[in-house]
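Read through the structure below, which is laid out as structure tokens, and then see the notes.
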Amino acid sequence: MLKAVIIDENATTRGLLQTILTNNGWEVVGHTNNNAKGMMMVQKFQPHFVCIDIAQIDDELDILNAIRTEWPKTLIFLISSALDAATVQQAVSRGAHGFFLKPFNQATVANTIRSAVLRLVKGQQQVKTE
């Protein structure tokens, strides 16, 4: 079972996303409203993926780079109510693997995670065969 951590200021958003992830067979090992606690949870539980509100990455702690550096195999998904092309491009260049738009669509969230996991597995298989 894949493990997840959710970092979002809004408790309702965290609860909805936790329900979606749990309904799709993933285990939410922790959720919080701030980066410091989120990083402690990532360190403690070493989840397979982290869902982060895009507002959190503007914090003085660059959480995307921190996760990428310490846990390079951890997938990162951003949460936002609106995304523009520049934001998407910047987030991808900093290590994001996908995006979830509010309000959440359960099928879209599940497909985004599954697609990213499959890309990661295929990439690892290619490295092994080379």
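The values are calculated or read from the model by the stated rules, or taken from the named source; none is laboratory data. Since we're looking at a predicted model, the values are computed, not measured. We place every Cβ from the backbone using ideal geometry, glycine too, and count neighbours over all the protein chains shown. Side chains are part of the model used for accessible areas, which takes the heavy atoms of the whole protein and leaves out ligands, DNA and RNA. Shrake-Rupley method; radii C 1.70, N 1.55, O 1.52, S 1.80 Å.
From the convex hull of the Cα coordinates of region 1-69, what is the mean projected area in square nanometres? Kindly include the intermediate steps, with their values, before the conclusion.
On the way: hull surface 16.7 nm².
Its average projected convex-hull area is 4.2 nm².
Going by average Cβ neighbours within 10 Å, how do the peptides 49-57, 23-31 rank, with the highest at the top? Don't jump to the answer; show the numbers that get you there.
Working: 49-57: 21.8, 23-31: 15.9.
For the peptides 49-57, 23-31, the packing ranking is 49-57, 23-31.
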How much of the pair distance distribution for the chain lies past 24 Å, counting alpha-carbon pairs only, in percent?
22
Over the chain, with every protein chain in place, what whole percent of the accessible area is carbon and sulfur at 1.4 Å, could you tell me?
52
Search the structure for amide H atoms under 5 Å from the amide H of residue 28, placed 1.01 Å from N in the peptide plane, and list their residues when 5 or more places away or on another chain.
4
Listed residues 21, 75, 118; largest mean-square fluctuation, Gaussian network over the chain with Cα springs below 10 Å, found at 118
With springs only between Cα atoms under 10 Å apart, run a GNM on the chain and tell me which of 36, 66, 85 wobbles the most.
85
Whole-Hz ³J(HN,Hα) for each residue in region 5-18, computed from phi via Karplus 6.51 cos²θ - 1.76 cosθ + 1.60 with θ = phi - 60°, x for glycine and proline: what do you get?
10, 10, 10, 7, 5, 8, 5, 5, 4, 4, x, 4, 5, 4
If the cut-off is 25 Å between C-alpha atoms, which lysines fall inside it for residue 73, apart from same-chain ones fewer than 8 positions away?
3, 37, 44, 122, 128
Long-range amide H partners of residue 75, meaning residues 5 or more apart or on another chain whose placed amide H is closer than 5 Å, are 49, 50
Along the charge dipole of region 14-130, which of 86, 56, 23 sits closest to the positive end, that is, farthest toward it, with unit charges on the beta carbon of Lys, Arg, Asp and Glu (+1, +1, -1, -1)?
23
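Find the accessible area per residue for region 1-121; the probe is 1.4 Å, ligands and nucleic acids are left out, and the unit is Å².
Values: 6180 Å² over 121 residues.
That works out to 51 Å² per residue.
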With only Lys, Arg, Asp and Glu charged, each at its Cβ (+1 for the first two, -1 for the last two), find how big the charge dipole of the chain is about the Cα centre; round to the nearest 20 debye.
560
